[in-house]
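A short write-up of the structure that comes next.
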Amino acid sequence: MNGSAGLEPVTPAGADPVDAIDAPSGSHGTDLTKESESYTHGHHESVLRSHRRRTAANSAEFLLPHLRPGMSLLDVGCGPGTVTVDLAERLADGTVVGVDASDQVLQAARDLAEAHGTKNIHFEHANAYELPFEDDTFDVVYAHQLLQHLSEPVAALREMRRVAKPGGIIAVRDADYAAMTWYPESAALTEWNILYHEVTHAYGFQPDAGRRLLSWVRDAGFDPAGIVPSASVWCYATPDDRAWWGGLWAERCTQSNFAVQATESALADEVGLEQLAHGWLDWAQQPDGWFAVLNGEVLVRA
Ligand SMILES: C[S@@+](CC[C@H](N)C(=O)[O-])C[C@H]1O[C@@H](n2cnc3c(N)ncnc32)[C@H](O)[C@@H]1O
């Protein structure tokens, strides 16, 4: 989707460095010590509304059978922490640490843990490329919907392995945008999916991460014998789910960091983004509306 710039970029309220606009970085010459890779979605309320639906059951099912009482777990790119807190409650005798590059979202995660009365958890600011932990620290290192937002996912996987104990588990899960599918057909949703690819590619990220997790883990040098790939799906097809998913994407198209990056990179303008938002709201009202998000998963031993 190409268009003339028309939308004044709106920096989301309370934006912090990981939300900030950055020049497209590309995958070469990236300074991995910086935290200024520009996280596509940012942390607008419409984005957090999506992340807050996530639980251990709907976002870490492939990992759950491997959890044992007393294990230590690190959640890299934990966002607002709903999965992290859920995992901590399942590891009641263990220690869980959530890290993220956004202070804004870390505060939301701390508030959530406090509201739940979850004691065996804490949250820290950290860059996935330089985790502030000794070698061989955690039994489990988990990253959910993170690698698609990093220009160097293989470097991050190596860093996750460094902080995992020998024989410990690294578990990663990412959506695959090209594999998303929906009904009824919608020209606006097709345009949205194309634009999402254009914007993320412009900023050096890979939106079709799900299908690549296995290759990234292999590139990171993990023992192939210990790699367990899988996939699972989120499906939104009830009236409530459609209203939630369509409504939040309508807002994300016009108000989140995605809208800012789309206009900053001159890939869309205000009118085009409004049309995408209307398309999402139209889809949400379809009684036959159905949307599936395919997620790739890999579980591997350090
Ligand atoms: C799509 S969200 C996923 C949040 C959470 N894991 C979940 O599934 O609800 C990605 C998160 O990664 C964080 N992030 C992006 N780049 C990062 C980096 N280099 N280091 C640490 N966190 C990062 C973002 O701030 C954001 O909160």
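The values are calculated or read from the model by the stated rules, or taken from the named source; none is laboratory data. None of these values were measured; they are calculated from a predicted model. When we count neighbours, we look across all protein chains shown, and the Cβ atoms used for this are built from the backbone with ideal geometry, even at glycine.
For the structure I just gave you, tell me whether ASN295 is buried (at least 18 other Cβ atoms within 10 Å of the Cβ), at pLDDT 95 or above and not acidic (Asp, Glu).
Against the criterion (buried (at least 18 other Cβ atoms within 10 Å of the Cβ), at pLDDT 95 or above and not acidic (Asp, Glu)), ASN295 qualifies.
What are the residues in segment 76-130 that are more than 16 Å from the chain's Cα centre (by Cα), buried (at least 19 other Cβ atoms within 10 Å of the Cβ) and part of a strand (DSSP E or B), if any?
Across segment 76-130, the qualifying residues are VAL96, VAL97, ILE121, PHE123.
Give the residue, chosen from ASN295, ASN257, that is of a type outside the set (A, V, I, L, M, F, W, C), within 18 Å of the chain's Cα centre (by Cα) and farther than 19 Å from HIS201 by Cβ.
ASN295
Report yes if some residue within segment 253-270 is in contact with a Lys or Arg (Cβ under 6 Å, 6 or more places away or on another chain) and farther than 19 Å from HIS44 by Cβ; otherwise report no. Before you say what the answer is, go through the steps one by one.
Here is the first cut: in segment 253-270, the residues in contact with a Lys or Arg (Cβ under 6 Å, 6 or more places away or on another chain) are 258.
Now restrict to residues that are farther than 19 Å from HIS44 by Cβ: none.
No, segment 253-270 has no match at all.
When you scan segment 236-276, how many residues do you find that are polar (S, T, N, Q) and in a helix (DSSP H, G or I)?
6
Cβ contacts < 7 Å: first residue without any contact (Cβ under 8 Å) to a residue 60 or more places away in the chain, restricted to segment 100-114; second residue among the hydroxyl-bearing types (Ser, Thr, Tyr) and within 9 Å of the ligand (Cβ to nearest atom), any location; separation 6+ or different chain. Result?
Pairs found: ALA109/THR84; LEU112/THR82.
Only one of (1) at pLDDT 95 or above; (2) surrounded by fewer than 22 Cβ atoms within 10 Å (Cβ to Cβ) is not met by LEU273, so which one is it?
(2)
Can you tell me which of PRO224, PRO229 is farther than 23 Å from HIS51 by Cβ and touching a Gly at 6+ places or on another chain (Cβ under 8 Å)? It would help to see each step written out before you state the result.
On the way: PRO224 fails: touching a Gly at 6+ places or on another chain (Cβ under 8 Å).
Answer to the check: PRO229.
Which one is nearest to GLU198 (Cα to Cα) among residues in segment 235-262 that are polar (S, T, N, Q) and in contact with a helix residue (DSSP H, G or I) (Cβ under 7 Å, 6 or more places away or on another chain)?
At the first step, the residues of segment 235-262 found to be polar (S, T, N, Q) are 238, 254-257, 261.
With in contact with a helix residue (DSSP H, G or I) (Cβ under 7 Å, 6 or more places away or on another chain) added as a condition, the list becomes 254-257, 261.
Values: THR254: 16, GLN255: 18, SER256: 16, ASN257: 14, GLN261: 10 Å.
Going through the qualifying residues, I end up with GLN261.
Contact list please: Cβ distance under 6 Å, first residue in segment 234-251 and among the acidic types (Asp, Glu), second residue in a helix (DSSP H, G or I), pairs at least six apart or on different chains.
Every condition considered, the pairs that remain are GLU251/SER46.
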